[in-house]
């Protein structure tokens, strides 16, 4: 896996395909990891001449965890 960092935040990500092809960014739901996107699905997109990027949201998988921030208020986030 690869990582991208800015300040104290690190996001783990994985890519499939040729970086010169059209890009597809797979955005998972709240609290989901990059592995939530099935690898066979990613490979199928790659075969369709896409450059596929999937990543771990913060606080999951290999991305930065903000344990000190506590649990997010999901109801507030929907407002």
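Before moving on, here are some points about what is shown:
- Exposure proxy ranking for 54, 47, based on other Cβ atoms within 10 angstrom of each Cβ and starting from the fewest, stands as 47, 54.
- Measuring r between the beta carbons of residue 15 and residue 35 and using R0 = 22 Å, the FRET efficiency lands at 0.95.
- Burial ordering of 37, 65, fewest other beta-carbon atoms within 10 Å first: 65, 37
- Taking the chain and dividing mean pair separation by its residue count, relative contact order in percent (alpha carbons under 8 Å, at least six apart): 34
- In the chain, helices alone account for a calculated mean residue ellipticity at 222 nm of -4500 deg cm²/dmol, with every DSSP H run of four or more residues adding -39,500 (n - 2.57).
- As a proxy for reagent exposure, 27, 53 were ordered by neighbouring Cβ count within 10 angstrom, fewest first; the result is 27, 53.
- Here the ratio of the Cα radius of gyration of region 12-56 to 2.2 N^0.38 Å is 1.06.
- Debye-formula intensities of the chain, expressed as log10 I(q)/I(0) at q = 0.14, 0.20, 0.26 Å⁻¹, are -0.53, -0.90, -1.19 (one equal scatterer per alpha-carbon, no solvent).
- 18 Å cut-off, amide nitrogen to a point 7 angstrom out along residue 3 Cα→Cβ, residues in region 46-62: 54-62
Taken together, the values in this text are just the output of simple stated rules run on the coordinates, not laboratory data. Fair warning: this is a prediction, and the values are worked out from it, not measured in the lab. Positions of Cβ are backbone-derived with ideal geometry, glycine not excepted, and every protein chain shown enters the neighbour counts.
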